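The values are calculated or read from the model by the stated rules, or taken from the named source; none is laboratory data. Just so you know, these numbers come straight off a predicted model, no measurement behind them. We place every Cβ from the backbone using ideal geometry, glycine too, and count neighbours over all the protein chains shown. The accessibility values were calculated without ligands, DNA or RNA, using every heavy atom of the protein model including side chains. Shrake-Rupley method; radii C 1.70, N 1.55, O 1.52, S 1.80 Å.
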Amino acid sequence: MRIVFMGTPDFSVPILRRLVADGHEVAAVVTQPDRPKGRRKALTPPPVKVEAEKHGIPVLQPKKIRLPEEVEKVLALRPEIVVTAAFGQLLPKKLLDAPRFGCVNVHASLLPEYRGGAPIHRAILDGKKETGVTIMYMAEKLDAGDLLSQMTVPIEEDDTVGTLHDKLSRAGEQLLAETLKALRAGELNPIPQNDEAATFAPNLTRDDEKIDWHAPGTAVYDRIRGLNPWPVAYTRYNGKVMKIWSAAKEKRADEAEPGTVLEVDKTSFLVKCGDDIAVRVKELQPAGKKRMRAEAFLQGAGMNPGDRMGV
């Protein structure tokens, strides 16, 4: 197939790589503009651009794909199909209607569940036991197009956003390869989504990152792993922000106020939550410092049982 591929972050890279490996003709890659990154604000290309250039694929970086002149640039490439994966922009109707095989999207959820921009984060934050990937026709309404195929992916107890992201990306490349083959053979029957069953996964806000120690311990644990490696859950200790990178949960009945440090040893500390499940902090990042094991922090922190987190 002659394909125009649209994607931006790391999630999209294995999918583009698979399209090339399967012998498809990728006429161009469309991605977001380079962005300033790091303390020096150096202009940094999106991961998909870096991958495209490895294969000698032309790259387009429109600020808005909906602009008529940008649509014409894509149409001039005469794609048989447009494939998107975490591209970050909606496509206009003129572009959606043009390719022979349509425009399809690789979405990191089992639609109609978790439409929107943060399906991987929200699945873990909600304590889900499974999620998946969906290949769907794109529509003018966000993530609402007809379904072509789906693959379920279990969420393990210790999965973080980082590990689940990688699993879903690999599942996406496999499912897309199978779907394109069936689509070209005319073997697929698109299924309309049930809008009444739709749920949404809005982008994260600063409030989503704050740990509420009054919540049940399992919910606190899910928040920590559901925000790792980005943007990372935070609390306060001695009035300063402290990011919590990793933790474990354990049963511990105690009448202390939620947020109270129940136990401190050489390598970790245990914090009371809203029920009898406490959270043992193993890796953290104090304000203005690098990510570190709790062991390193505890060597000079002077933390004791009875100290309070979140204040």
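Would you check which residues across segment 278-311 are more than 19 Å from Gly239 (Cβ to Cβ) and assigned to a helix (DSSP H, G or I) and list them?
Result: Ala294, Glu295, Ala296, Gln299.
Name the residue, out of Thr152, Thr134, that is of a type in the set (S, T, N, Q) and surrounded by fewer than 19 Cβ atoms within 10 Å (Cβ to Cβ). Walk me through it before giving the result.
On the way: Thr134 fails: surrounded by fewer than 19 Cβ atoms within 10 Å (Cβ to Cβ).
Exactly one of Thr152, Thr134 is of a type in the set (S, T, N, Q) and surrounded by fewer than 19 Cβ atoms within 10 Å (Cβ to Cβ), namely Thr152.
Mind listing just one residue for me: the one in segment 71-129 that is open to solvent by less than 10 Å² (accessible area, probe 1.4 Å) and among the hydroxyl-bearing types (Ser, Thr, Tyr) and, of those, farthest from Val48 (Cα to Cα)?
Per the criteria, the residue is Ser109.
This table checks each residue for (1) open to solvent by less than 40 Å² (accessible area, probe 1.4 Å); (2) modelled with pLDDT under 95; (3) more than 23 Å from Leu96 (Cβ to Cβ).
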{"position": "Ala139", "(1), (2), (3)": "yes, yes, no"}
{"position": "Asp146", "(1), (2), (3)": "no, no, no"}
{"position": "Glu157", "(1), (2), (3)": "no, no, yes"}
{"position": "Ala177", "(1), (2), (3)": "yes, no, no"}
{"position": "Pro190", "(1), (2), (3)": "no, no, no"}
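Any residue in segment 28-56 that is over 25 Å from Ile3 (Cα atoms) sitting within a Cβ distance under 6 Å of a residue that is at pLDDT below 95 and open to solvent by less than 50 Å² (accessible area, probe 1.4 Å)? List the pairs, counting only those 6 or more apart or interchain.
Listed by first residue and then by second, the contacts come to nothing, as the list is empty.
Mind counting the residues in segment 92-114 that are touching a residue at least 12 places away in the same chain (Cβ under 8 Å) and more than 12 Å from Gly145 (Cα to Cα)? Break it down stepwise before answering.
Filtering segment 92-114 down to residues touching a residue at least 12 places away in the same chain (Cβ under 8 Å) leaves 92-96, 98-114.
Pick out the ones that are also more than 12 Å from Gly145 (Cα to Cα) and you get 92-95, 98-101, 108-110, 113-114.
Total meeting the criteria: 13.
Do you know which of the residues in segment 36-52 that are touching a strand residue (DSSP E or B) at 6+ places or on another chain (Cβ under 7 Å) and either of a type in the set (D, E, K, R) or surrounded by 14 or more Cβ atoms within 10 Å (Cβ to Cβ) (or both) is farthest from Leu90 (Cα to Cα)?
Checking each candidate, the answer is Lys37.
Report the residue count in segment 113-170 for those that are of a type in the set (D, E, K, R), closer than 17 Å to Asn228 by Cβ and assigned to a loop (DSSP other than H, G, I, E, B). Steps first, answer last, please.
As a first pass, look at segment 113-170 and keep what is of a type in the set (D, E, K, R): 113, 115, 122, 126, 128-130, 140-141, 143, 146, 156-159, 166-167, 170.
The next check asks that each one be closer than 17 Å to Asn228 by Cβ; those that pass are 122, 126, 128, 156-159, 166-167.
Right, trim to assigned to a loop (DSSP other than H, G, I, E, B) and you get 126, 128, 156-159.
Of the residues in segment 113-170, 6 are of a type in the set (D, E, K, R), closer than 17 Å to Asn228 by Cβ and assigned to a loop (DSSP other than H, G, I, E, B).
I need every pair where a residue in segment 260-274 that is farther than 20 Å from Pro216 by Cα has its Cβ under 7 Å from the Cβ of a residue that is polar (S, T, N, Q), sequence separation at least 6 or different chains.
Val264/Asn304
Quick one: which of Glu187, Glu157, Glu173 is touching a strand residue (DSSP E or B) at 6+ places or on another chain (Cβ under 9 Å) and among the charged types (D, E, K, R)?
Numbers: Glu187 fails: touching a strand residue (DSSP E or B) at 6+ places or on another chain (Cβ under 9 Å); Glu157 fails: touching a strand residue (DSSP E or B) at 6+ places or on another chain (Cβ under 9 Å).
Of Glu187, Glu157, Glu173, the one residue that is touching a strand residue (DSSP E or B) at 6+ places or on another chain (Cβ under 9 Å) and among the charged types (D, E, K, R) is Glu173.
In the set Asp212, Asp222, Asp276, which member is under 21 Å from Asp159 (Cβ atoms), of a type outside the set (Val, Ile, Thr) and either modelled with pLDDT of 95 or more or buried (at least 20 other Cβ atoms within 10 Å of the Cβ) (or both)?
Asp222
Which ones in segment 225-246 are in contact with a strand residue (DSSP E or B) (Cβ under 7 Å, 6 or more places away or on another chain), open to solvent by less than 60 Å² (accessible area, probe 1.4 Å) and not polar (S, T, N, Q)?
Residues satisfying the conditions are Leu227, Val232, Ala233, Tyr234, Tyr237, Val241, Met242, Ile244, Trp245.
Looking only at segment 44-92, count how many residues are at pLDDT below 95 and not in a loop (DSSP other than H, G, I, E, B).
Looking only at that region, the number is 0.
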